[in-house]
Amino acid sequence: MKNRLSWLISLSILALTLLPFTTSHAAVSGLVEEDGVLHYYDENSELVKDLCVLTVNIDGKENYYKIDNDGAAAKWDGVYALAAEKLVKLKAVPGNSASDKEKLSCLKKAFKWSSKLKYTNISKTIKKDSKALEYYGKYGFTKDKGDCNVQAATFTLMAEVLGYDAAFVRGYVPQALKNGKPSNFGAHAWTTIKIEKKTYVFDPNFQRTHKAGWKFKYGAKKHYRYFNKKKKEIK
């Protein structure tokens, strides 16, 4: 009997050692800091990755985050937070599995909004482009009006939030020609975006006036001739 009992105990211990080893993790959701890096887990405790705008309510206030391909979360701040907020309101935020076509559709919604801003001339001049982008962008997002600077700045910011390689560009366009050459210039602002190593012009103000400001190359027919700050034509 004693030998039989010892055999049963040994058999039970052996059975326990053969059971698969498992650990249980508490369900998590929301923002979590791990090894000094913020991550966001959805309601199913799945790590969210590759999302240009994630809205997180913290203490009753909406905050906006960018999630990279590894799941690291970074908060959109300042004028970029305003751009992210506008994209959310426009329902122009692509999902993390969105196709290029869906992303382009969101970019078009942003472009349409900027091109339809109520036109108001802004007399303030800011020399540094980065400061101008911030000032004019904030003006447009908070006041829903502005000139070509505001239109280009707001669109550039939204394009950047969407993940595009966009740039806010200021220069000149001809207002009069003499013998085929510009004789008078007007200050202007527009956006450029690099897509598949090619640079395209997006001009919300030209869209407002001529209905032809969406995605074209420098030198395109029936469009402005664009000049840099030194009044040298960009081709």
Between residues in region 207-232 that are closer than 17 Å to Ala187 by Cα and of a type in the set (Lys, Arg) and residues that are surrounded by 17 or more Cβ atoms within 10 Å (Cβ to Cβ) and modelled with pLDDT of 95 or more, which pairs lie under 7 Å by C-beta distance while being six or more apart or on different chains?
Arg208/Ser115; Arg225/Val173; Lys229/Arg170; Lys229/Gly171; Lys231/Tyr172
Residues to consider are Ala83, Ala92; find the one that is in contact with a Cys (Cβ under 6 Å, 6 or more places away or on another chain) and closer than 26 Å to Tyr139 by Cα.
Ala92
Considering each residue of region 38-63, count those that are surrounded by 15 or more Cβ atoms within 10 Å (Cβ to Cβ) and either closer than 22 Å to Ala167 by Cβ or free of Cβ contacts under 8 Å to residues at least 12 places away in the same chain (or both), and give that number.
2
For Lys194, which of the numbered conditions (1) surrounded by fewer than 17 Cβ atoms within 10 Å (Cβ to Cβ); (2) part of a loop (DSSP other than H, G, I, E, B); (3) modelled with pLDDT of 95 or more fails to hold?
(2)
The condition of being at negative phi, surrounded by fewer than 15 Cβ atoms within 10 Å (Cβ to Cβ), in the same structural domain as Lys109 (by TED's automatic domain parsing) and not acidic (Asp, Glu) holds, among Lys138, Lys211, Lys131, only for Lys131
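Considering only residues that are of a type in the set (Ser, Thr, Tyr) and either assigned by TED's automatic domain parsing to the domain that holds Val56 or at pLDDT 95 or above (or both), which ones fall in region 70-98?
In the first step, residues of region 70-98 are kept if they are of a type in the set (Ser, Thr, Tyr); the result is 80, 97.
Tyr80, the sole residue that qualifies.
The values are calculated or read from the model by the stated rules, or taken from the named source; none is laboratory data. Note that this is a predicted model, so its numbers are computed, not measured. Heads up, the Cβs are rebuilt from the backbone with ideal geometry, glycines too, and the neighbour counts pull from every protein chain shown.
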